[in-house]
Amino acid sequence: VRRDPSSELSGASPPPTARQDPRPVGSPAQVEGPAAFTPAVNGMWRRLGARVGHKGVILSELFGAAEAPELVEIGENSYLGANVVVRPLEVDAVRSVAAARGVSVGAGCFVGPATIFEPGSAVAAGGATGANSLVEAGREVASGRVAVGDAGRLTLAWRPRRLDASDGNEMRWCLASVAAMLWTERLGSLASHVAPRALIWVCLTRVAGYAWAPPRQTARVYAVIADARPALEARLWLLLLNFLYRNCVIVALFSACLLVTAPLKPLLHAAFKRLVLGKVRDGEEHPLRSAAHLRWMAVTKLARMPALDAGFRHVYEYAAAYARGVGARVGTRARFYPWPSAFLSAAPEADVLSIGDRTVTSAATYGHDFSALRLQFRATSLGRDCDIALSRYGQVLPGSALPDGSSIHGAGRATHLRGLALEPNRAWTGNPVGVRDLEEAARWGVGEFADAV
């Protein structure tokens, strides 16, 4: 694909590197919408030209694939986690040239959440990538191996035992999952948008008859002006006072309605989680595309419609109360800051999550594990006095037990795998994380630290 140098491609950016996440904060996935996690997503990508297997494929979200979907191939019985980034075009901004390289994922693969595929990369049939991995341009992950980390050169043996409850019955899973996701989407919209509007409408209707209500107050002002015929200055003063009074009452009424309806979302999330999924336990496992998997998907869908708006990140105890409400064990003075949604989106498996006293975190911390091609729940814990506040794209993977006093720096996409951090009061960084002395890290500037990573 060649473009004129004066076209928009001349300002294009090179493919993402290990330190550059191409997803802007809060950006929506492409194409999926309310049908995420369901076979409807597979069909949407096929309609756009991507080659997606017709059997057993589970997609959460794909970013970047809409640039050239016909260059993306996903084999049957593969699982792709959330926020996977696919870059099928290799852009040379200097020469204003985009080379079609393509990205391929073979059959029976697992692609961890937030994996980045550079142009020309591939996963062979039966291969896998870990969470936050980067598969470099032109590289292929071999069968029976899982690529870990930013460079993608560290590979471990991978021998999954796939469990699929809907194997051979694709239509049943398609209908059930699409119906569940659409219903959950409407339920979340009801709590987020319809409830506040309905309450405001009811309040405006009910208070209109009171003597202090703006309509009656306005009628009295106009009656006084008509009967007393005051001077022009007095008339303008009465109209100004009425204008200010009316707007103050409406603003106060709207604010009261929003404050009343704000707790509806966290309460709905907690009740929905308890009723639909119930309490999960460490070591519990379920087949893919089973009833338990579908219930987990529904709760996850609702949890990703944030129960806490961005402004509530400063109301620490409010976020902590929500986390406790869905089942997480949260210590005293623990903080979900500055991005509470990264931790709180793990509401479905909150029962196996714990955060220690005085810990501050915004890293994605979750207890569900699909890496063996079945749904497993693993206990994940953050110790006391940990600092993971700036790890926006960091992840603490299922089964991790972060020691007390640990610090994970925000440079790069730091990822903690189970068993890596064993010593307390240490600073960690990298993907996968490696130890760095706290005092040494404190002496470095932010730019120097990022360059070293």
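The values are calculated or read from the model by the stated rules, or taken from the named source; none is laboratory data. Please read all numbers here as calculations on a predicted model, not as lab measurements. Positions of Cβ are generated from backbone atoms using ideal geometry, with glycine treated the same way; all protein chains shown enter the neighbour counts. These accessible areas exclude ligands, DNA and RNA; they are computed on the full protein's heavy atoms, side chains included. Shrake-Rupley method; radii C 1.70, N 1.55, O 1.52, S 1.80 Å.
Things worth noting here:
- Dipole magnitude for the chain: about 1380 debye, using +1 per Lys or Arg Cβ and -1 per Asp or Glu Cβ, origin at the Cα centre.
- Farthest toward the positive end of the dipole of the chain, out of VAL352, ALA179, LEU294, is the Cα of ALA179, where the dipole comes from beta carbon charges about the Cα centre.
- D_trans [Stokes-Einstein, Kirkwood Rh over alpha-carbon pairs] for region 320-433, 4 °C, 1.567 mPa s, µm² s⁻¹: 96 µm²/s
- Rounded to whole numbers, the Karplus 3J(HN,Hα) couplings from phi for region 367-383 are x, 9, 9, 10, 5, 9, 6, 7, 7, 10, 10, 10, 5, 10, 9, 10, x Hz, using 6.51 cos²θ - 1.76 cosθ + 1.60 with θ = phi - 60°, and x at Gly and Pro.
- Scalar couplings 3J(HN,Hα) for region 333-346, obtained by applying the Karplus form with A = 6.51, B = -1.76, C = 1.60 to θ = phi - 60°, are 6, 6, 10, 9, 8, x, 10, x, 5, 4, 8, 6, 5, 8 Hz; x denotes Gly and Pro.
- Cα Rg over Rh - region 123-217, Kirkwood: 1.42
- Globularity ratio of region 254-409, using Cα Rg and 2.2 N^0.38 Å: 1.01
- Cross-link partners of LYS279 among lysines (Cα-Cα below 23 Å; sequence separation of 8 or more within a chain): LYS265, LYS301
- Gyration tensor verdict on region 365-419 (Cα atoms; rounded if a/c is under 1.5, prolate if a/b is larger than b/c, oblate otherwise): oblate
- Amide hydrogen proximity for VAL97: with H placed 1.01 Å from N in the peptide plane, the residues at 5 or more positions away or on another chain lying under 5 Å are ASP92.
- Only Lys, Arg, Asp and Glu carry charge here, each on its Cβ (+1 for the first two, -1 for the last two); on that basis region 346-385 has a dipole of about 80 debye about its Cα centre.
- Over the chain, relative contact order from alpha-carbon pairs under 8 Å, at least 6 apart, %: 10 percent
- Structure-based [θ]222 nm, the chain - -39500 (n - 2.57) summed over DSSP H runs of at least 4, per residue, nearest 500: -9500 deg cm²/dmol
- Among the trypsin sites (Lys or Arg not before Pro) within region 140-245, those in coil by DSSP and having at most 15 neighbouring Cβ atoms inside 10 Å are ARG153, ARG161, ARG162.
- Sorting the Cα pairs of region 115-172 by distance into bins of 5 Å, from 0 upward, gives 5, 20, 25, 19, 10, 10, 9, 3 percent per bin.
- When the Cα atoms of region 157-207 are aligned to their principal axes, the ranges along those axes come out at 65, 30, 9 Å in descending order.
- DSSP-defined beta bridges in the chain - what % are antiparallel, rounded to 5: 30 percent
- Phi to ³J(HN,Hα) by Karplus 6.51 cos²θ - 1.76 cosθ + 1.60 over region 118-127, Hz, x for Gly, Pro: 7, x, x, 7, 7, 10, 5, 4, x, x
- Net charge over other residues, Cβ less than 13 angstrom from the Cβ of LEU277 (K, R count +1; D, E count -1): +3
- For region 181-261, the normalised intensity computed at q = 0.11, 0.17, 0.21, 0.24 Å⁻¹ comes to -0.45, -0.75, -0.94, -1.07 (log10 of I(q)/I(0), Debye sum over alpha carbons, equal scatterers, no solvent).
- Radius of gyration over Kirkwood radius for the chain, both on Cα atoms: the Rg/Rh ratio is 1.08.
- Accessible area of region 193-333 belonging to carbon and sulfur atoms, whole % at 1.4 Å probe: 68 percent
- The share of C-alpha pairs in region 61-173 whose separation exceeds 17 Å stands at 53 percent.
- Relative to the longest principal axis of the Cα atoms of the chain, the long axis of helix 214-228 lies at roughly 30 degrees.
- In the chain, a dipole from Cβ-located charges (positive for Lys and Arg, negative for Asp and Glu) runs towards its positive end, and of VAL202, SER255, ILE58 it is VAL202 whose Cα lies farthest in that direction.
- Normalised contact order of region 229-345, rounded percent, pairs of Cα under 8 Å and 6 or more residues apart: 23 percent
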